[in-house]
Amino acid sequence: MDGWNQTGVEMAVDMTVEAYKAARAFLLANRDDYAAAYRDFRWPDLPHFNWALDWFDAELAEGESANRPALTIVGDGAASLTFAELSERSNRVANGLRALGVKRGDRILLMLGNVAPLWETMLAAMKLGAVVIPATTLLTPIDLADRFERGRARHVVAAAGEAAKFADFDPSLTRIAVGEAPAGWHSYAKLLDASANFTPDGPTNADDPMLLYFTSGTTAKPKLVLHSHRSYPVGHLTTVYVLGLRPGDVHLNISSPGWAKHAWSCFFAPWIAGATIFIANQPRFNARVLLDAIVANGVTTLCAPPTVWRMLIQEDLKSCKTRLREVLAAGEPLNPEVIEQVEKAWGLTIRDFYGQTETTTQVGNPPGQPIKPGSMGRPLPGYRIRLLDADDKDAEEGEICIDLEHRPAALMQGYQQDDGSIALLEGKVYRTGDVASRDTDGYLTYVGRADDVFKASDYRISPFELESVLIEHPAVAEAAVVPAPDAMRLAVPKAYITLTANGKPDRATALSIFQHLRGRLAPFKRVRRLEFAELPKTISGKIRRVELRRGEEQRAAANQRGAGEFREEDFPELTA
C-alpha cells in the first residue's frame with residue numbers, strides 16, 4: 001500500500017459511497033415519478049470507486065442484508081449463497097488469483113456458464129483491479145484466439161470441459177479450471193483455500209478499466225468495448241430504475257454469460273438494488289420447467305428476450321400462480337402480439353427498454369408510467385437523447401444519439417483498437433447506429449438498425465414494423481425482413497420465417513401469411529416474397545440480417561430464387 005495516502009483516499013471513498021447511495025436512494029424513491037426522476041437525477045461524482053469492495057462488501061455483506069440470499073441457482077450447478085458468503089468466497093478467490101500472479105490491469109478471460117464461480121470470479125477480479133473479458137462457452141478456438149490476441153488476455157478461468165479449446169495457446173497463459181483440472185491447469189477449488197481477508201494493493205480510480213466486451217458482431221468483426229469502474233457499477237443505476245427492482249426482490253434474467261446483458265441484469269442491477277439473483281439452469285430450454293421454477297422460487301421480477309417470451313406464451317400462463325410484479329423484455333424489440341397475450345394471462349404488461357453493450361439502459365418504460373404499444377419508452381434519467389437525420393439535424397425520426405455535452409457516467413470509455421490503444425469518443429454525440437421515431441409525448445419507437453432500414457419503390461421500410469405484423473400470424477414463431485432486389489421497385493420486402501411447432505412450410509401456410517399481411521399493411525409495405533428457414537443468428541442470439549441480405553443479392557445476380565421461396569405472384573387467388 002506504499003505510495004498512496006491511505007487516509008486521504010479512504011475519506012474520498014467514504015464520500016464517494018455516500019454519493020452513490022444517495023443517487024440510488026433517489027431513483028428508488030422516485031421509481032413511479034418519471035418526471036421528477038428525469039429532471040432531478042444527477043450522476044454521482046466518483047474519483048475513487050471499487051464497487052466490489054465499497055458497495056458489495058461494505059454495504060451488502062454487512063448489516064441486515066448479510067445473511068440474505070445473494071445468488072440462488074437451481075438445476076445444473078445448484079447453489080445458494082448469501083451476500084456475506086459471496087464476499088468471503090470472492091476474497092479467497094482474489095487472494096488465490098494474486099498468488100498465481102494476477103495483478104491490477106491484467107486481463108482475465110472468463111468463460112463459464114451460470115455457476116457460482118462466475119460471480120465469485122467477477123467480484124474477485126474487481127477487487128484486484130484486473131480486467132475481465134466475458135466469453136460465452138459457445139466460442140470456438142478460433143473465436144478465442146481472436147479474443148486473446150486483440151483482448152491481450154494473460155489468464156483464463158474456464159470449465160474443465162473447455163480445456164481442449166486452449167490446447168494450442170501460449171504456454172505462459174495462466175489456466176484455471178472449474179472442475180477436475182487437466183494437466184497444466186490450476187484448480188479453481190484450491191483458490192478457495194486462500195485467506196478470507198483481502199487487502200487491496202491501492203485505490204481504484206473510478207475510470208480504471210474493469211470490463212472488456214466483444215460486441216456480438218451482427219454486421220462485421222466484433223468491436224472491443226471498454227468499460228470502467230464507473231460506467232457499469234454506476235451506470236446501471238438506470239437499469240435498476242427501469243427494471244423496477246427493490247431490496248429483497250428475487251430477480252430472474254434469462255441471459256447467457258459472456259454478453260453485456262448478463263452483467264446488466266444478472267450481476268450489477270440486482271445487487272445495486274439489494275435483490276437476489278435467481279438462475280434456473282436447464283440442459284435444454286423448456287418453457288414449462290422455467291415457469292414452474294418461477295412459481296416455486298417466488299420470483300418477483302422477470303426479464304427475458306423476445307425469443308423466450310414467444311415460447312412462454314405457448315404455455316398455459318393462466319395456470320401459473322406467480323408472485324411476479326414486473327415483467328420485461330430486452331435484446332430486440334418485442335412484438336405487440338406477445339405483450340397482449342401476457343397481459344391477458346397475468347394482468348401484467350411487459351415493459352420494453354433499450355440499451356447497448358456500449359452503454360446501460362438508455363431508453364425505457366419505468367414502472368407506473370403509461371405504456372404505448374410498440375414504443376420502447378422515453379429517455380431514462382441521466383441520458384440526453386437526440387434523433388439526428390442524415391444531415392446531422394434534430395428530427396422526429398433519425399439515429400439515436402447520446403448528447404456528449406451531458407455525457408452519462410454509463411457510457412463506455414471507448415473502443416479498444418487492435419494495437420491496444422483506446423479510441424475515445426469525440427464530437428458532440430455518440431451514435432448508436434439504431435434508428436427510432438419520436439412522438440409528441442417524447443416516446444421513442446424502434447425503427448431498426450441504420451443499415452437494416454431500406455427503400456422499396458422509394459418508400460422507407462422498417463423491417464421491425466413488418467416483422468411485428470408477421471409474428472401475429474399463429475404459424476410464425478420468428479421473422480426477419482430484408483430487401484430483395486427487384487428490377488421494377490429497386491427492392492421488395494422479403495420475409496424469412498421460422499414456423500411454430502405446428503406450422504407447415506407449404507403453399508397453404510404461405511398463402512395464409514400473405515392474406516394475413518394484406519389485411520394489415522399498406523400496399524407499399526407489404527411483404528412480396530417469403531421463405532421458410534432457420535434464421536441465422538450471432539452466438540448472442542441476434543438475427544444476422546446482413547447475411548440474409550447478402551444471400552438475396554447473390555441470388556439476384558445469378559437470377560435465382562431461394563429454395564422454397566414463395567412470391568405473391570405465385571398466388572392468383574390473392575388478386576381474385
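Give the number of residues within the stretch 434-454 that are outside any strand (DSSP E or B), farther than 26 Å from residue 489 by Cβ and not small (Gly, Ala, Ser). The total comes to 4. Of the residues making up the stretch 552-567, those that are buried (at least 17 other Cβ atoms within 10 Å of the Cβ) and within 16 Å of residue 485 (Cβ to Cβ) number 4. Would you please name the residue that is surrounded by the fewest Cβ atoms within 10 Å (Cβ to Cβ), looking only at residues in the stretch 129-149 that are out of contact with any Pro (no Cβ under 8 Å at 6 or more places or on another chain) and farther than 21 Å from residue 420 by Cα? Only one residue tops the list, namely 140. Being among the hydroxyl-bearing types (Ser, Thr, Tyr), outside the structural domain of residue 334 (by TED's automatic domain parsing) and not in a strand (DSSP E or B): is that true of residue 509 here? Judged against the criteria, residue 509 is a match.
Out of 334, 387, 312, one residue alone is surrounded by 17 or more Cβ atoms within 10 Å (Cβ to Cβ), over 29 Å from residue 229 (Cβ atoms), aliphatic (A, V, I, L, M) and in contact with a Pro (Cβ under 6 Å, 6 or more places away or on another chain). It is 334.
Of the helices (runs of 4 or more DSSP H) that lie entirely inside the stretch 219-289, those containing 1 or more residues that are under 24 Å from residue 376 (Cβ atoms), over 17 Å from the mean Cα position of the chain (by Cα) and hydrophobic (A, V, I, L, M, F, W, C) span 269-273.
The numbered conditions (1) in a loop (DSSP other than H, G, I, E, B); (2) farther than 19 Å from residue 202 by Cβ; (3) of a type in the set (A, V, I, L, M) are all true for residue 122 except (1).
Look at the stretch 151-169 and say how many of its residues are in a loop (DSSP other than H, G, I, E, B) and among the β-branched types (Val, Ile, Thr). The qualifying residues number 0. For the residues 530, 535, 517, the requirement of being of a type in the set (A, V, I, L, M), in the same structural domain as residue 468 (by TED's automatic domain parsing), closer than 29 Å to residue 305 by Cβ and part of a loop (DSSP other than H, G, I, E, B) singles out 535. Screening the candidates 349, 357 for the property of being of a type in the set (Val, Ile, Thr), touching an Asp or Glu at 6+ places or on another chain (Cβ under 7 Å) and modelled with pLDDT of 90 or more yields one hit, 349. Out of the residues in the stretch 60-91 that are in a strand (DSSP E or B) and either assigned by TED's automatic domain parsing to the domain that holds residue 283 or free of Cβ contacts under 8 Å to residues at least 60 places away in the same chain (or both), state the one that is farthest from residue 270 (Cα to Cα). The residue in question is 79. Count of the stretch 469-489 residues, restricted to those that are at pLDDT below 85 and either among the small types (Gly, Ala, Ser) or buried (at least 19 other Cβ atoms within 10 Å of the Cβ) (or both), is 1. The set of residues in the stretch 455-495 that are among the acidic types (Asp, Glu) and either in a strand (DSSP E or B) or under 17 Å from residue 519 (Cα atoms) (or both) comprises 465, 467, 472, 478, 486. Scanning the stretch 519-539 for residues that are touching a residue at least 24 places away in the same chain (Cβ under 8 Å) and within 26 Å of the chain's Cα centre (by Cα), we see that the one that is surrounded by the most Cβ atoms within 10 Å (Cβ to Cβ) is 533.
Within the stretch 131-142, at least one residue is assigned to a helix (DSSP H, G or I), at pLDDT below 95 and not hydroxyl-bearing (Ser, Thr, Tyr).
Answer yes or no as to whether residue 121 is surrounded by fewer than 21 Cβ atoms within 10 Å (Cβ to Cβ) and either touching a Leu at 6+ places or on another chain (Cβ under 9 Å) or of a type in the set (Ser, Thr, Tyr) (or both). Spelling it out, it is not the case that residue 121 is surrounded by fewer than 21 Cβ atoms within 10 Å (Cβ to Cβ) and either touching a Leu at 6+ places or on another chain (Cβ under 9 Å) or of a type in the set (Ser, Thr, Tyr) (or both).
For the stretch 540-576, enumerate the residues that are closer than 30 Å to residue 334 by Cα and without any contact (Cβ under 8 Å) to a residue 24 or more places away in the chain. Matches in the stretch 540-576: 547, 550, 551. Of the candidates 81, 118, the single residue that is under 21 Å from the mean Cα position of the chain (by Cα) and either among the basic types (Lys, Arg) or within 19 Å of residue 279 (Cα to Cα) (or both) is 118. Residue count for the stretch 245-273 under the criterion of being crowded, with 22+ Cβ neighbours inside 10 Å and at positive phi: the result is 1.
The values are calculated or read from the model by the stated rules, or taken from the named source; none is laboratory data. What you are looking at is a predicted structure, and each value in this text was computed from that prediction instead of being measured. Ideal geometry is used to build each Cβ from the backbone, glycine not excepted, and the neighbour counts take in all protein chains shown.
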